[in-house]
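Trainee: For reference, the structure I am asking about is given below.
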Amino acid sequence: MKLLVYPGSFDPVTNGHMDIIERASKICDKLIVAVLVNHGKTPVFTMEERTMLLKKAIGDRENIEVCSFSGLLVDFMKRINARTIIKGLRAVSDFEYEMQMALLNRKLDNEIDTLFMMTSINNSFLSSSVVRELARNGAGVEDYVPHSIAPYIYEKFKKAGV
Ligand code: COA
């Protein structure tokens, strides 16, 4: 079975991530969307919220599963018997960091490969921090995140004042 793992912090999931999820799910038997901790970032949404928002955005799709994990990506991969990571590349500026991650993950486990998919041009400016910044300042985010999750994003910023 061709298993692909799409890891990220998804704080929150955006249309850019959804584009990769849609396209990646077509080139494998099963796509695991893995919500992980990036220790270089302090998330606004909890792990549970990020997972719930992804599940809501993806809906009922037979070959897509959402999981969460805290620890190394390679350990998660080993646990579920997966060998291939898929990541989106938005611009050349993403490449250096992604290359470092891909090489590091391969050094940690030489059975792991990373595939890269170019993000659609209309999402190339998008990131989770752009969405958070817009929502924090009361601007609309409907064009940038799946419609089903926009109300949760507004609610979070209204409640927490984050
Ligand atoms: N469209 C739009 N935005 C995208 C995108 C796409 N296709 N792909 C990525 N992005 C954005 C993300 O929203 C994120 O934006 P932000 O910085 O505003 O939050 C940014 O690009 C970086 O995304 P990504 O590369 O997925 O990083 P991440 O921080 O979301 O996730 C992990 C990185 C979680 C995969 C990585 O830290 C990890 O593997 N952690 C587990 C621990 C581990 O194994 N570490 C490696 C060994 S030390």
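The values are calculated or read from the model by the stated rules, or taken from the named source; none is laboratory data. Quantities reported herein were computed from a predicted structural model and do not represent experimental measurements. Cβ sites come from the backbone with ideal geometry, for glycine too, and all protein chains shown count toward neighbours. With ligands, DNA and RNA removed, areas are computed over all heavy atoms of the protein, side chains included. Shrake-Rupley method; radii C 1.70, N 1.55, O 1.52, S 1.80 Å.
Trainee: Suppose a student asked you for the relative contact order of region 97-162, using Cα pairs under 8 Å spaced at least 6 residues apart; what percent would you report?
Mentor: After rounding, I find 20 percent.
Trainee: Of all the C-alpha pairs in region 3-124, what % are more than 17 Å from each other?
Mentor: 55 percent
Trainee: Hey, another quick one. Pairs of Cα atoms under 8 Å, at least six residues apart: use those to get the relative contact order of region 30-84, whole percent.
Mentor: 49 percent
Trainee: Give, rounded to the nearest 20 debye, the magnitude of the charge dipole that region 3-124 has about its Cα centre when Lys and Arg contribute +1 at Cβ and Asp and Glu contribute -1 at Cβ.
Mentor: It works out to roughly 60 debye.
Trainee: What length, rounded to one decimal in nm, is gained on full extension from L108 through to E48, with 0.36 nm per residue of separation minus their alpha-carbon distance?
Mentor: Gain on extension, L108 to E48, equals 18.8 nm.
Trainee: Which percent of the accessible heavy-atom area of the chain goes to carbon and sulfur, probe 1.4 angstrom?
Mentor: The C+S portion of the solvent-accessible surface of the chain is 52 percent.
Trainee: Before I look further, what does the chain give for accessible area per residue, probe 1.4 Å, in whole square angstrom?
Mentor: Per residue, the chain has 56 Å² of solvent-accessible surface.
Trainee: Given Y97, Y152, M1, which one lies farthest toward the positive end of the charge dipole of the chain, if we put +1 on the Cβ of every Lys and Arg and -1 on the Cβ of every Asp and Glu?
Mentor: The Cα lying farthest towards the positive end belongs to Y152.
Trainee: Quick one: compute the contact order of the chain, relative version, from alpha carbon pairs under 8 angstrom and 6+ residues apart, as a percent.
Mentor: 28 percent
Trainee: With unit charges on the beta carbon (Lys/Arg positive, Asp/Glu negative), name the residue among F76, F10, F116 whose Cα is farthest towards the positive pole of the charge dipole of the chain.
Mentor: So the residue furthest toward the plus end is F76.
Trainee: Then there is this: From the backbone phi of region 97-102, what are the Karplus-calculated ³J(HN,Hα) couplings (6.51 cos²θ - 1.76 cosθ + 1.60, θ = phi - 60°) in whole Hz, Gly and Pro given as x?
Mentor: Calculated HN-Hα couplings, in order: 5, 5, 5, 4, 4, 4 Hz.
Trainee: Contour minus end-to-end for S70 and E142, with contour as 0.36 nm per residue of separation and end-to-end as the Cα-Cα distance?
Mentor: 23.0 nm
Trainee: What is the sum of charges, Lys and Arg at +1 and Asp and Glu at -1, for the other residues whose Cβ falls under 10 Å from the Cβ of V44?
Mentor: +3
Trainee: Need one number: the % of Cα-Cα pairs in region 76-162 sitting beyond the 22 Å mark.
Mentor: Of all Cα-Cα distances in region 76-162, 48 percent exceed 22 Å.
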